[in-house]
């Protein structure tokens, strides 16, 4: 257990390194276009010109949040519908057009944006169609937690011509994530396991995902981190061997999780206050919402100590 605790306590410290890369790391190169100038490579290796974009469209929650933090409002043309319709903070996107990030590409083209922001968005052909219409596309790549978010924020700020904003955001976000469970000081941390039911499989989320960073920042020891990575599917025997003090799952899923063979014998499924449910939008978004998720977990996990 001491080894697992040490590994988890170091996880966010490792994530803050400001030289972190994502996918194929963004870098200056040039000339980016036939007319000259410099460009920034996105996560797919596509070189996107560095210029003053003024009609920017975001296609998903992560790029919505980052754009809101890093860009002047008058440069933003549209946010994703997913952000605008969120009950808790959709008001922050009021006054802007909304788009279906996975809807018909013709609807995006019709808006005449000069830049579309994505992350692992659709198929390569989709981005190619936007580019053939004269629209630049910048793909932030697959985001898997604090380290990739920090790198994505810095890359986007560089593209927007405001690199200092990216550095400031990254520094502030990491500091806030690290401070969520600071009140624990040297006290023991509870072990936890993220579980979700997908079809007839019970799946986790651990090292290499945003879920690991959320659990760690929330003051918990990710009990799966020493043995697994990414999104493992667990057998009954594996669940019983892990025996977490707490289970973290999506809102409304605890009954289904605890009915799964193996999980039904975990003490966390039978004792009060040992299952933490959070809204799916907090656990599914590997962006700034990770902070909200970590804070919610900490409040629930250690309510008796406050």
(message) Condition (residue is surrounded by fewer than 17 Cβ atoms within 10 Å (Cβ to Cβ) and not assigned by TED's automatic domain parsing to the domain that holds residue 56) applied to region 118-128: is it met by at least one residue?
(response) no
(request) Evaluate the following for residue 268: is it assigned by TED's automatic domain parsing to the domain that holds residue 248, more than 16 Å from the chain's Cα centre (by Cα), buried (at least 22 other Cβ atoms within 10 Å of the Cβ) and on the phi < 0 side of the Ramachandran plot? (result) yes
(request) Give the residues of region 222-261 that are in contact with a strand residue (DSSP E or B) (Cβ under 6 Å, 6 or more places away or on another chain), in a loop (DSSP other than H, G, I, E, B) and either farther than 12 Å from residue 203 by Cβ or outside the structural domain of residue 195 (by TED's automatic domain parsing) (or both), sorted by residue number. (result) 223, 244, 245, 251
(request) Please note which strands (runs of 3 or more DSSP E) are completely contained in region 60-126 and include at least 2 residues that are touching a residue at least 60 places away in the same chain (Cβ under 8 Å). (result) 115-118
(message) So residue 202 ticks every box in (1) over 17 Å from residue 297 (Cα atoms); (2) touching a residue at least 60 places away in the same chain (Cβ under 8 Å); (3) touching a helix residue (DSSP H, G or I) at 6+ places or on another chain (Cβ under 8 Å); (4) assigned to a loop (DSSP other than H, G, I, E, B) but one. Which box is left unticked?
(response) (4)
(message) Which condition from (1) out of contact with any helix residue (DSSP H, G or I) (no Cβ under 8 Å at 6 or more places or on another chain); (2) under 30 Å from residue 139 (Cα atoms) is the one that residue 237 breaks?
(response) (2)
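The values are calculated or read from the model by the stated rules, or taken from the named source; none is laboratory data. It should be emphasised that the depicted structure is a prediction, and the values quoted were computed from it without experimental measurement. Glycine gets a Cβ as well: all are built from the backbone with ideal geometry, and neighbour counts include every protein chain shown.
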